[in-house]
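The values are calculated or read from the model by the stated rules, or taken from the named source; none is laboratory data. Keep in mind the model is a prediction, meaning the values are calculated, not measured. Note that each Cβ is placed from the backbone with ideal geometry, even for glycine, and that neighbours are counted across all protein chains shown. Remember, those area values only see protein heavy atoms, side chains included, never the ligands or the DNA or RNA. Shrake-Rupley method; radii C 1.70, N 1.55, O 1.52, S 1.80 Å.
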Amino acid sequence: MMPDKNGYFGKYGGVFVPETLMPALEELKKEFFLAIKDKSFKSELKRHLTEFAGRPTELYYAEKLTKYLKGPKIYLKREDMTHTGSHKINNCIGQALMAVRMGKKRIIAETGAGQHGVATATVAAKFGLKCDVFMGEEDCKRQALNVYRMKLLGTNVISVSSGTKTLKDALNEAMRDWVSNVDNTYYMLGTVAGPHPYPLMVRHFQKVIGEEARRQILLKEGRLPNYIIACVGGGSNAIGIFYPFFKDNCVRFIGVEAGGVNMISTMHSASITAGTPGVLHGSYTYLLQDSDGQVLKTHSVAAGLDYPAVGPEHSYYKDIGRAEYIPVMDIDALKAYDLLSKIEGIIPALESSHAIAYVIKNSRKFKKSDLLLVNLSGRGDKDVGRLL
């Protein structure tokens with residue numbers, strides 16, 4: 001599924017930005033389409049993903065979890081095993097190569113859980129680029145380890161104290177910075193949201209997850225999975241694993257959103273389940289808004305899911321029925337975090353724990369013969385401190 005020339009997946013996507021950013025987006029779009037056809041660019045990207053990021057990641061049979069649930073066979077795509085500890089490095093390497101190709105000397109980024117920030121800081125150090133990362137004040141507190149890691153890597157972490165002091169506000173400030181410094185600055189957006197070509201470009205750099213998983217599951221089981229399950233905030237890890245299976249209608253997609261404390265109040269971040277279409281951060285998509293179009297406050301125990309919108313391709317998948325999106329509550333994600341750690345020896349990120357929690361809660365709904373592929377998008381050492 002390719003968006004149209006204006007960046008729309010169905011009716012979702014597009015470019016809703018100040019005029020001052022249009023030349024930068026046009027330049028980025030032009031260079032991106034040239035780069036992905038350039039053999040030397042593709043070769044360099046593959047080399048860095050292999051030698052630096054540690055790809056391919058393992059497709060791991062969670063034997064003990066499978067036996068514990070007495071249900072379907074569960075495989076975990078181990079993105080937690082990449083350098084920096086999450087899927088974010090895939091996109092950051094690709095975009096760092098784009099920045100170098102375009103002659104940009106400075107990169108900026110937004111981050112929630114800090115995993116995108118750490119990956120951005122890592123590639124900035126590797127490629128010798130000046131780096132500033134915007135992070136909500138609240139997220140700086142709950143992800144202090146990742147703040148330290150970014151600073152250790154030489155990145156300037158800018159704490160954002162406006163609004164809810166979380167990911168939405170960090171993204172707002174990053175876009176304001178980009179408007180003011182567009183000539184020398186590359187904006188390394190961390191998810192499949194934002195104006196075209198970002199949703200398409202980030203998907204392109206993240207689809208390596210699903211491409212690997214497809215080859216691996218066929219090798220291990222001789223067939224495709226019945227279900228692919230991934231957590232969804234902005235949605236890059238989910239699109240990364242979903243997209244290579246898009247045409248396989250026998251494979252069902254389950255996107256797991258942050259149900260937060262409950263779905264009755266606004267103490268959640270389930271933008272597809274509870275949202276309506278509107279414009280946020282440069283694209284038309286599902287978001288949490290009131291009747292006047294004002295963005296609502298959000299909540300999730302997982303900072304990386306604490307965002308009031310979703311990438312436009314997910315909105316399209318929802319409308320055409322290609323994917324089902326289900327909220328999981330904080331309390332269930334925390335139980336999954338604890339269970340997977342104890343019985344598999346794998347500490348998942350709180351974001352990924354939402355996907356694990358969906359499997360645990362719904363294990364009896366699956367057939368025992370089903371194959372489940374869960375994207376373990378990141379490792380959970382970043383979350384240990386705040387759960388002590």
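Values for this structure:
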item	result
Radius of gyration and maximum dimension Dmax of segment 167-248, Cα, Å	16.2, 53
By average C-beta atoms within 10 angstrom, highest first, the peptides 272-282, 205-215	205-215, 272-282
Accessible area (Å², 1.4 Å probe, nearest 10) - Asp38	40
Contact order relative to length of segment 157-205, as percent, for alpha carbon pairs under 8 angstrom and 6 or more apart	18
Cross-link reach list, aspartates and glutamates versus Lys11, counting only Cα pairs under 12 Å and skipping chain neighbours closer than eight places	Glu313, Asp319
For segment 4-157, the Rg and Dmax computed from alpha carbons only, in angstrom	18.4, 57
Most to least packed among 28-36, 234-242 [average Cβ atoms within 10 Å]	234-242, 28-36
Cα convex hull volume per residue for segment 3-72 (Å³)	206
The chain - percent of accessible surface contributed by carbon and sulfur, probe 1.4 Å	53
Formal net charge of residues neighbouring Val256 (Cβ-Cβ distance under 12 Å; K, R +1; D, E -1)	-3
Pairwise centroid distance, computed over Cα atoms, of segment 24-52 with segment 358-388, Å	33
Dimensionless Rg/Rh of segment 208-309 - Kirkwood Rh, Rg from C-alpha atoms	1.07
Point-charge dipole on Cβ atoms (K/R +1, D/E -1) for the chain, about Cα centre, debye to 20	1340
Within segment 350-382, trypsin sites (Lys or Arg not before Pro) in DSSP loop having at most 14 other beta-carbon neighbours inside 10 Å	Lys367, Lys368
Segment 336-388 - convex hull of the alpha-carbon atoms, volume per residue in Å³	79
Distance in nm between pseudo-label sites at Asn249 and Asn184 (7 Å out along the Cβ direction from Cα)	5.5
Which listed pairs, of Lys67/Lys88; Lys46/Lys126; Lys220/Lys247, have C-alpha distances above 23 Å, in listed order	Lys67/Lys88
Distance in nm between pseudo-label sites at Ile320 and Asp38 (7 Å out along the Cβ direction from Cα)	3.1
Zone of Arg47's modelled label, taken as backbone nitrogen in segment 91-110 under 15 Å from a point 7 Å along Cα→Cβ	94, 97-98, 101
Segment 74-205: radius of gyration over Cα atoms, expressed as a fraction of 2.2 N^0.38 Å	0.98
Cα-only Debye scattering, the chain: base-10 log of I(q)/I(0) at q = 0.07 Å⁻¹	-0.27
Degrees separating the helix 88-101 axis from the principal Cα axis of the chain, which is the longest one	20
Whole-Å semi-axes of segment 288-353's equivalent ellipsoid (Cα gyration tensor)	28, 16, 9
Taking the chain and dividing mean pair separation by its residue count, relative contact order in percent (alpha carbons under 8 Å, at least six apart)	21
The chain, accessible area per residue, ligands and nucleic acids excluded (1.4 Å, Å²)	39
